[in-house]
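A.B. asks: This is the structure I have questions about; it appears just below.
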Amino acid sequence: MELYLIRHGIAEDKGLGIKDEERSLTKEGRQKTEKVAQKLVKLGLNFDLILTSPLVRARQTAEILIAKKLSSQLEESSHLAHDGQISSWLKDWLEPRNYSQNTQLALVGHEPDLTSWAEILLWGEVKASLVLKKAGMIGIKLPETGSPLGRSQMFWLTPPKYLL
């Protein structure tokens, strides 16, 4: 299985009197995210499912991916909101669904959570060594059997500037 961890696009600044969970993508954030999505289409990517954080900016990013036809399925998961734990997501969401090995899932969320999840999948612990820019993506291949924690492989780490 391949997981594509995608950080939301550029959003409104904190402290503008807007609750964090209601912060939207800016005009620039929408435009850059749309360009990144177009490039992903040209690269031939297609996700079986896009799973998004319930926060507005992540949901808007996921909706752009859907609009560009990178997937036809979109679901929301509270596990992808701030401070979500990958162990809980694996146990409560991924394992019960029993996806096939060739499944491609896109997870749209936030920092530092997405890089923490990637590092736990890769090394079994958070090392704070990966950087995921807004509208950037990390691709992780999960092993065919057993726990993916500390046993997965990274095959993609792209900041958006390389996709624009």
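The values are calculated or read from the model by the stated rules, or taken from the named source; none is laboratory data. What you are looking at is a predicted structure, and each value in this text was computed from that prediction instead of being measured. Cβ: placed from backbone, ideal geometry, glycine included. Neighbour counts: every protein chain shown. Accessible surface is based on the protein model in full, side chains and every heavy atom, while ligands, DNA and RNA are left aside. Shrake-Rupley method; radii C 1.70, N 1.55, O 1.52, S 1.80 Å.
A.B. asks: Run the helix sum for the chain: -39,500 (n - 2.57) per DSSP H stretch of 4+ residues, divided by residue count, reported at 222 nm to the nearest 500 deg cm²/dmol. Could the numbers behind the result be given before it?
C.D. replies: Working: 4 runs with 43 residues, N = 164.
Helix-only estimate at 222 nm: -8000 deg cm²/dmol.
A.B. asks: Mind putting a number on the dipole of the chain about its Cα centre? Charges go on the C-beta only, +1 for Lys and Arg and -1 for Asp and Glu, and I need it in Debye to the nearest 20. Don't jump to the answer; show the numbers that get you there.
C.D. replies: Working: 22 positive and 20 negative charges, 155 e Å.
Dipole size: approximately 740 debye.
A.B. asks: Another question, then. Lysine pairs in the range 1-85 with Cα distance under 26 Å, only those 8 or more apart or on different chains: how many are there?
C.D. replies: Lysine pairs satisfying the spacing and distance rule in the range 1-85 number 19.
A.B. asks: Rounded to whole Å, give me the distance from the Cα center of the range 46-62 to that of the range 131-164.
C.D. replies: Each part reduced to its Cα centre gives a spacing of 16 Å.
A.B. asks: Helix 56-67: angle to the longest alpha-carbon principal axis of the chain, degrees 0 to 90, nearest 10?
C.D. replies: That works out to roughly 80 degrees.
A.B. asks: Return one number: the angle in degrees, 0 to 90 and rounded to the nearest 10, between the long axis of the Cα atoms of helix 27-42 and the longest principal axis of the Cα atoms of the chain.
C.D. replies: Around 40 degrees separate the two axes.
A.B. asks: Which whole-number percent gives the relative contact order of the chain, counting Cα pairs below 8 Å spaced six or more residues apart? Could you put the intermediate results ahead of the total?
C.D. replies: Working: 339 pairs, mean separation 50.3, N = 164.
Averaging sequence separation for qualifying contacts and normalising by length gives 31 percent for the chain.
A.B. asks: Within the range 71-150, which trypsin sites (Lys or Arg not before Pro) sit in a loop by DSSP and count at most 12 neighbouring Cβ atoms inside 10 Å? If you can, show how the numbers build up before the last one.
C.D. replies: Values: sites: LYS91, ARG97, LYS127, LYS133, LYS134, LYS141; in loops: LYS127, LYS133, LYS134.
Passing sites in the range 71-150 are LYS127.
A.B. asks: Here's something else I'd like to know. Which three extents, in whole angstrom, do the alpha-carbon atoms of the range 1-137 cover along their principal axes, largest first?
C.D. replies: Here the spans come out as 39, 31, 26 Å, largest first.
A.B. asks: Would you kindly state the longest site-free stretch of the chain, with sites defined as GluC sites (Glu not before Pro) in a DSSP loop (not H, G, I, E, B) surrounded by at most 13 other Cβ atoms within 10 Å?
C.D. replies: Free of exposed loop sites, the longest segment is 1-124.
A.B. asks: Taking the solvent-accessible surface of protein heavy atoms with a 1.4 Å probe, what is the per residue accessible area of the range 1-54 in Å²? Write down the numbers at each step before the final one.
C.D. replies: Working: 2790 Å² over 54 residues.
That works out to 52 Å² per residue.
A.B. asks: How far apart, in nm, are the 7 Å Cα→Cβ label points at GLU111 and LYS35?
C.D. replies: Once both label points are built, they end up 1.8 nm from each other.
A.B. asks: What share of the DSSP beta bridges in the chain is antiparallel, in percent to the nearest 5?
C.D. replies: Details: 11 of 24 bridges.
Percentage antiparallel, nearest 5: 45.
A.B. asks: Continuing with the same structure: Please name whichever of GLN38, ILE50, LEU74 sits farthest to the positive end of the charge dipole of the range 9-88, dipole taken about the Cα centre and charges placed at Cβ: Lys and Arg +1, Asp and Glu -1.
C.D. replies: So the residue furthest toward the plus end is GLN38.
A.B. asks: Carbon and sulfur atoms: what percent of the 1.4 Å accessible area of the chain do they account for? Spell out each step's value before the answer.
C.D. replies: Working: 3890 of 8340 Å².
Answer for the chain is 47 percent, counting heavy atoms of protein chains only.
A.B. asks: Can you give the FRET efficiency for LYS161 and SER87, using 1/(1 + (r/R0)^6), R0 = 45 Å, r = Cβ-Cβ distance, to the nearest 0.05? Don't skip to the answer; put the middle values down first.
C.D. replies: Working: r = 33 Å, r/R0 = 0.72.
For R0 = 45 Å, the calculated efficiency reads 0.90.
A.B. asks: Report the extension gain between GLU95 and ASN46 in nm, rounded to one decimal, defined as 0.36 nm multiplied by the number of residues separating them, less their alpha carbon distance. Please list the in-between numbers first.
C.D. replies: Working: separation 49, 0.36 × 49 = 17.64 nm, distance 2.17 nm.
My answer for the length gained is 15.5 nm.
A.B. asks: Quote to one decimal, in nm, the extra length available between GLU63 and THR103 on full extension: 0.36 nm per residue of separation minus the C-alpha distance between them.
C.D. replies: Working: separation 40, 0.36 × 40 = 14.40 nm, distance 2.00 nm.
Extending this stretch completely gives an extra 12.4 nm.
A.B. asks: In the neighborhood of TRP89, defined by Cβ-to-Cβ distances under 14 Å, what is the net charge if each Lys or Arg adds +1 and each Asp or Glu adds -1? Working shown, then result.
C.D. replies: Values: positive: LYS91, ARG97; negative: GLU75, GLU76, ASP83, ASP92, GLU95, ASP113.
Neighbour charge sum, excluding TRP89 itself: -4.
A.B. asks: Can you tell me the accessible area per residue over the range 110-149, all protein chains present, probe 1.4 angstrom, in square angstrom?
C.D. replies: Details: 1780 Å² over 40 residues.
Computed with neighbouring chains in place, this is 44 Å² per residue.
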